[in-house]
Amino acid sequence: MSTSKVVSQTPSTPLERLVGDFLASCRARGLSPATLKRGYGLHLERVFLPWCEQNGITSVEQLDQRTIDRFSSKLLSDGGDRGQLSRFSVHSYVRTVGQFLSWCRKEGEETTGKPQLPRLPRRLLDVLSRAEIEAMEDAAPYERDKLIIRVLADTGLRAGELCGLRAEDLMRSDRRAYLKVQGKGLQERLVPLPPALVRRIDRYQRARPVDADTDRLFIGVRRTIGGGYEGLTPSGVLQLVHGAAERAGITRRVHSHLLRHSFATEALRRGMNPIQLARILGHNSLRMIESVYSHLTPDDGYDALIAMLARP
């Protein structure tokens, strides 16, 4: 099975047109272009539709249970031209097809196939300890970099969310402070900030160059060719996090999203309500919390319970 072939730009079959309509509905719901391109679009247009074309499937009515099971089995058996796909990748592809077929049924299309998601092995999630995060912060060369590492570690923001912050997104209410964050699907949420971190952000803002070319909160440390300053990019965040980890002597791969995982793990270990954590992280349900952070041990649950009972 080839996973590299792309269907024609002009949909030629009823099934291809339905996939196009489904992706359009996803865009209308506010899904990010990156999610559509690397997720739904990749899974449907570069994997599912080429397989359907090879097997003479041109309409959604042909996607009965037996046909959908054949598609899932093919993915599991050979994984396409690029070699064996992991069960996690297959799970993601099959889930997307299931979402597409569910949308088809809601639109009145006749289809009986319902993909069976393959069982996933428990994947141990590597996280950073608080001591490692402090070492990274100490090793960072600029105050901006130190502050970014601390914000990521203490709020769980995604790199793209951090880069999108503006000065006015620091919200104050009585003695509490929040970051107004625009997450996936253009959904806004308020992320709590500890007082010490608020004071550091205030100091950083006061030292901000007056001739910055952007209203972004975090900007480059050096001037551009044009003489101004531009907003920091997610790739820039990745580079500074990776560099700080190397300077701190951390030998394993460290990336910005690992700080998000580390924040969530620490919050759960300290007994934070998973519903509250899901809201802070920008998840619409607890499914991601349950699946990603299943690496927590029984000892973590015991410690959280004892800490809760010890509170007055």
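Contact map, the stretch 227-240: residues that are on the phi > 0 side of the Ramachandran plot paired with residues that are open to solvent by 20 Å² or more (accessible area, probe 1.4 Å) and not in a helix (DSSP H, G or I), Cβ distance under 8 Å, separation 6+ or inter-chain. Pairs shown: 227/211. Here is a list: 178, 93. Which entry is surrounded by 19 or more Cβ atoms within 10 Å (Cβ to Cβ) and on the phi < 0 side of the Ramachandran plot? So the residue among 178, 93 that is surrounded by 19 or more Cβ atoms within 10 Å (Cβ to Cβ) and on the phi < 0 side of the Ramachandran plot is 93. Test residue 233 against the criterion of being within 19 Å of the chain's Cα centre (by Cα), of a type in the set (Val, Ile, Thr) and open to solvent by 60 Å² or more (accessible area, probe 1.4 Å), and give yes or no. Considered against the rule, which asks whether it is within 19 Å of the chain's Cα centre (by Cα), of a type in the set (Val, Ile, Thr) and open to solvent by 60 Å² or more (accessible area, probe 1.4 Å), residue 233 comes out as yes. Before we move on, is residue 84 at pLDDT 90 or above and of a type in the set (S, T, N, Q)? Answer is no for this residue.
Among the residues of the stretch 261-278, is any part of a loop (DSSP other than H, G, I, E, B) and at pLDDT 90 or above? Scanning the stretch 261-278 turns up no residue that is part of a loop (DSSP other than H, G, I, E, B) and at pLDDT 90 or above.
Okay, residues lined up against (1) modelled with pLDDT of 90 or more; (2) over 24 Å from the mean Cα position of the chain (by Cα); (3) under 18 Å from residue 110 (Cβ atoms):
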site: 6; (1), (2), (3): no, yes, no
site: 10; (1), (2), (3): no, yes, no
site: 16; (1), (2), (3): yes, yes, yes
site: 36; (1), (2), (3): no, no, no
site: 44; (1), (2), (3): yes, no, no
site: 50; (1), (2), (3): yes, yes, no
site: 68; (1), (2), (3): yes, yes, yes
site: 77; (1), (2), (3): no, yes, no
site: 88; (1), (2), (3): no, no, no
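Considering the stretch 141-151, the residues that are of a type outside the set (D, E, K, R) and modelled with pLDDT of 95 or more include one that is surrounded by the most Cβ atoms within 10 Å (Cβ to Cβ), namely 148.
Out of all the residues in the stretch 156-176, which are of a type in the set (Lys, Arg) and in contact (Cβ under 8 Å) with a residue 60 or more places away in the chain? 158 - this is the single residue of the stretch 156-176 that is of a type in the set (Lys, Arg) and in contact (Cβ under 8 Å) with a residue 60 or more places away in the chain.
The values are calculated or read from the model by the stated rules, or taken from the named source; none is laboratory data. Bear in mind that the values here come from a model prediction, so they are computed numbers and not experimental data. So basically every Cβ, Gly included, is an ideal-geometry build from the backbone, and we count neighbours across all protein chains shown. The protein model used for the area step is the full one, side chains on, heavy atoms only, and it has no ligands, DNA or RNA in it. Shrake-Rupley method; radii C 1.70, N 1.55, O 1.52, S 1.80 Å.
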